[in-house]
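Participant: Quick one: the structure is below, questions incoming.
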């Protein structure tokens with residue numbers, strides 16, 4: 001039996017919106033490999049993105065076509081809304097093949113059978129899992145097709161969320177808050193980092209009452225001590241030490257929808273300087289949330305942050321947030337809008353962002369973040385987790 | 001302070017072995033993006049592979065060069081053995097850039113500075129995270145270079161393990177066994193799949209006495225009921241039901257080294273047919289382990305399995321195992337040798353494999369696996385977990 005987290009009408013609207021963008025871009029056939037885009041269009045949900053796979057959307061065909069490995073075709077049947085005749089799979093000797101076969105050879109065959117070999121084919125040139133070899137093979141096998149870049153085409157459709165998507169993000173944030181609390185509760189001098197990570201993970205996956213958790217697209221990150229200036233290092237089994245600052249960044253996940261959350265804690269009493277910096281982060285964060293509303297650009301939101309912290313003599317160079325939602329490893333970001341200088345994306349109702357401003361020095365860093373939704377009247381936080389520096 | 005899981009001499013041996021293969025292949029400069037290869041050559045370990053990054057090995061330079069995002073350079077300093085002058089980073093406006101910059105523009109600049117712009121450059125055409133756009137950009141920016149495919153060049157160096165690597169796999173298997181037991185203990189009718197996954201995850205990350213766990217490159221997979229025929233679906237929050245068959249596949253991880261393990265359980269009494277099939281899997285598994293020794297080919301190992309199960313009237317088409325070790329999401333496999341027809345890789349001492357034969361029918365499937373090491377006298381199992389069908 002197939003169960004999908006969204007109704008068939010919602011998937012059909014997504015496909016229609018994708019086709020509309022294809023027409024605007026002069027694309028007759030679209031081949032997407034980003035697992036989040038595959039899920040968005042078909043419902044497919046499996047840990048099979050370590051082999052080549054994809055979804056075809058054709059202007060001449062009603063339904064998308066799922067293409068993957070033979071042993072994953074049953075997983076597709078169990079998770080997609082499309083009719084099973086549109087599930088196509090390649091034999092196992094295409095996988096890391098010792099005999100020179102490549103899954104894209106099979107994809108080309110399917111595209112030919114669909115009569116797409118002379119069309120303009122959009123491919124996600126910079127998406128995860130669309131390798132240089134994949135593209136080379138597809139071009140070689142379909143010499144009469146015209147290839148064009150469609151990297152963010154589906155991502156752009158994903159940027160505005162439906163009510164059901166917002167519900168899943170709401171469920172994910174409940175999990176995020178519970179996991180953050182589990183992490184804060186576990187933090188103590190002498191406790192290995194891996195034990196704190198284990199407690200966080202348990203809550204992320206077990207979920208909250210009546211809502212089970214899914215694996216997040218990024219593992220919980222918790223740089224501590226001198227490593228708070230290294231935001232993407234993962235845990236070790238070294239014990240935490242009294243006085244350590246710790247940044248916890250994590251996300252609950254529900255039906256692949258995320259609600260990331262970051263907070264900073266100190267094992268003991270924070271220094272005055274750290275408290276001051278945390279105050280600046282909170283002030284800047286809220287100044288940016290204050291200006292976020294439909295019609296405002298992403299860079300204007302970032303500017304409110306930057307101007308606020310500048311009043312305190314602080315400068316920061318990287319982006320402070322990004323559009324978020326459905327995702328698979330290695331990222332829960334959507335790769336479309338970012339809150340930073342130069343991004344002129346205009347906010348619309350039901351866009352969702354993770355605003356994660358941070359200030360890092362050599363000795364410590366402070367991050368305090370908010371996932372938020374753009375409503376008709378302004379930014380609405382998904383979470384009510386206290387905006388503060390925690391002392392544990 | 002930098003701490004690496006291996007001594008500097010071991011990293012230098014790896015780089016030397018890589019250079020040797022480069023010379024044999026006529027490659028003067030190598031650019032690797034597979035996070036496992038980056039780790040293997042430099043020690044770098046961070047969840048930053050969601051942005052473009054890589055490591056350069058040049059025949060004219062002693063040490064590799066790490067290239068990544070500016071905010072990850074500190075993470076590199078904290079984890080690599082190479083001198084910090086060889087850590088190079090690009091500014092944040094290259095990340096999902098609204099202004100048309102691409103990280104490979106920066107990589108090209110570094111290669112020019114190193115005097116590599118007219119050399120033969122090996123790139124991992126089919127590696128994770130080396131996108132079609134990455135390759136296109138690099139070719140365009142370095143028009144005088146000759147690009148050649150080096151997809152598995154470093155992976156081939158990785159296939160034979162050192163004593164220290166084997167120690168980490170030994171530690172990982174302790175974690176795998178504890179997590180498998182945690183999963184079997186948690187399985188019961190009425191318990192949500194997500195709760196069992198949470199208990200497994202807690203053990204995977206918390207680890208075992210004095211050995212903390214790391215995140216595995218693949219999440220625990222536990223298809224159940226009719227879904228045992230869909231090996232790569234992940235959990236839901238549906239409760240397990242009495243009579244369900246469940247396959248648990250998981251791996252502990254230590255310093256990024258894996259020891260995957262799969263077992264099959266039934267919530268209640270297994271049917272006679274299922275017990276019969278489990279017996280065939282165990283018999284075939286051990287027949288294959290029996291023939292694995294230095295000098296034997298991978299396909300000969302698979303043949304022993306296939307002939308054994310054929311005596312019981314069973315055929316199976318996909319590969320039954322693969323070389324394993326250091327890995328990052330989405331895969332702990334090394335993508336070199338596979339145990340399957342057509343793979344003529346000759347086994348050598350200290351190669352490590354995950355042999356994971358399975359037999360799937362429409363109603364149920366049985367998988368029972370063994371991670372093993374090739375010793376001078378034959379296959380040695382890393383795990384002593386019982387080879388049986390579990391009734392819980």
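Participant: Can you give the translational diffusion coefficient of region B:298-355 in µm²/s, computed by Stokes-Einstein from the Kirkwood radius over Cα pairs at 10 °C and 1.306 mPa s?
Facilitator: Value of D from the Cα-based Kirkwood radius: 130 µm²/s.
Participant: Another question, if that's okay. What is the list of residues in region A:221-252 whose amide nitrogen lies under 18 Å from a point 7 angstrom out from the Cα of residue A:271, following Cα to Cβ?
Facilitator: A:224-230, A:241-247
Participant: Taking the mean number of other Cβ atoms within 10 Å as a proxy for protection, how do you rank B:175-182, B:112-119, B:320-327 from highest to lowest?
Facilitator: Going by the mean number of other Cβ atoms within 10 Å, highest first, we get B:320-327, B:175-182, B:112-119.
Participant: Given a Förster radius of 56 Å and the C-beta distance between residue B:181 and residue B:118 as r, what FRET efficiency does 1/(1 + (r/R0)^6) yield to the nearest 0.05?
Facilitator: FRET efficiency, residue B:181 to residue B:118: 0.45.
Participant: Counting C-alpha atoms alone, how compact is region A:163-391: give Rg to one decimal and Dmax as a whole number, in angstrom.
Facilitator: Spelled out, the Cα radius of gyration and Dmax of region A:163-391 are 16.7, 50 Å.
Participant: Given the options B:299, B:370, B:272, which has the most mean-square fluctuation in a GNM of chain B, springs set between C-alpha atoms less than 10 angstrom apart?
Facilitator: B:272
Participant: Just the number, please: percent antiparallel of the DSSP beta bridges in chain B, rounded to the nearest 5.
Facilitator: If I count the DSSP bridges inside chain B, around 75 percent turn out antiparallel.
Participant: Let me ask something else about it. Could you work out [θ]222 nm for chain B from helices alone, using -39500 (n - 2.57) per DSSP H run of at least four and dividing by all its residues? Round to the nearest 500 deg cm²/dmol.
Facilitator: The per-residue figure over chain B is -10500 deg cm²/dmol.
Participant: Gain in length, residue B:191 to residue B:388, computed as 0.36 nm per residue apart minus the alpha-carbon separation, to one decimal in nm?
Facilitator: In short, 68.6 nm is gained.
Participant: Can you tell me the Rg and the Dmax, both Å, for the Cα atoms in region B:276-330?
Facilitator: In order Rg, Dmax, the Cα atoms of region B:276-330 give 12.7, 38 Å.
Participant: Let me ask something else about it. With r as the distance between the Cβ atoms of residue B:209 and residue B:16 and R0 = 30 Å, compute the FRET efficiency 1/(1 + (r/R0)^6) and round to 0.05.
Facilitator: Here the calculated transfer efficiency is 0.25.
Participant: Work out Dmax and Rg for region B:306-392 from the C-alpha atoms and quote the Rg first, both in angstrom.
Facilitator: For region B:306-392, the Cα radius of gyration and maximum Cα-Cα distance read 14.3, 41 Å.
Participant: Which whole-number percent of Cα pairs in chain B have a distance greater than 40 Å?
Facilitator: 21 percent
Participant: Using the basic label-point model (7 angstrom from Cα toward the beta carbon), what is the residue B:24 to residue A:361 distance in nanometres?
Facilitator: 5.3 nm
Participant: Over the Cα atoms of region B:8-158, what is the Rg over Rh ratio if Rh follows Kirkwood?
Facilitator: Rg divided by Rh gives 0.92.
Participant: Sticking with this structure for a sec: Just the ratio, please: alpha-carbon radius of gyration of region A:127-254 over 2.2 N^0.38 Å, N its number of residues.
Facilitator: My calculation over the Cα atoms of region A:127-254 gives 1.45.
Participant: Tell me, how many Å apart are the Cα centres for region A:183-235 and for region A:301-349?
Facilitator: Distance between centres, Cα-based: 24 Å.
Participant: In addition: Rounded to whole Å, give me the distance from the Cα center of region B:11-45 to that of region A:96-137.
Facilitator: Spelled out, the Cα-based centre of one part sits 28 Å from the other.
Participant: Can you give me the angle between helix B:103-113 and the longest principal axis of chain B, using Cα atoms only, in degrees from 0 to 90, rounded to the nearest 10?
Facilitator: On a 0 to 90 degree scale, this one is about 50.
Participant: Say each of residue A:170 and residue A:242 gets a label point 7 Å from the Cα, pointing the same way as Cα to Cβ; how far apart are those two points in nm?
Facilitator: Result for the modelled spin labels: 4.5 nm.
Participant: Relative to the first principal axis of the alpha-carbon coordinates of chain B, what is the inclination of helix B:193-206, with its axis defined by its Cα atoms, in degrees from 0 to 90 and to the nearest 10?
Facilitator: 50 degrees
Participant: Across bins of 10 angstrom width beginning at 0, how are the C-alpha pair distances of the protein assembly as shown distributed, in whole percent?
Facilitator: Per 10 Å bin, starting at 0, the Cα pair percentages come out as 3, 14, 25, 28, 21, 8, 1, 0.
Participant: Just to confirm the number: angle between the C-alpha axis of helix A:132-141 and the first principal axis of chain A, 0 to 90 degrees, nearest 10?
Facilitator: Value to nearest ten degrees: 10.
Participant: Quick check for you: which residues of region B:1-36 have the amide N under 20 Å from the point 7 Å beyond the Cα of residue B:60 toward its beta carbon?
Facilitator: Zone members listed by number: B:16, B:18-32.
Only the coordinates and a few stated rules stand behind these numbers; no lab work does. Note that the structure is a prediction, hence the values are computed from the model and not measured. Cβ sites come from the backbone with ideal geometry, for glycine too, and all protein chains shown count toward neighbours.
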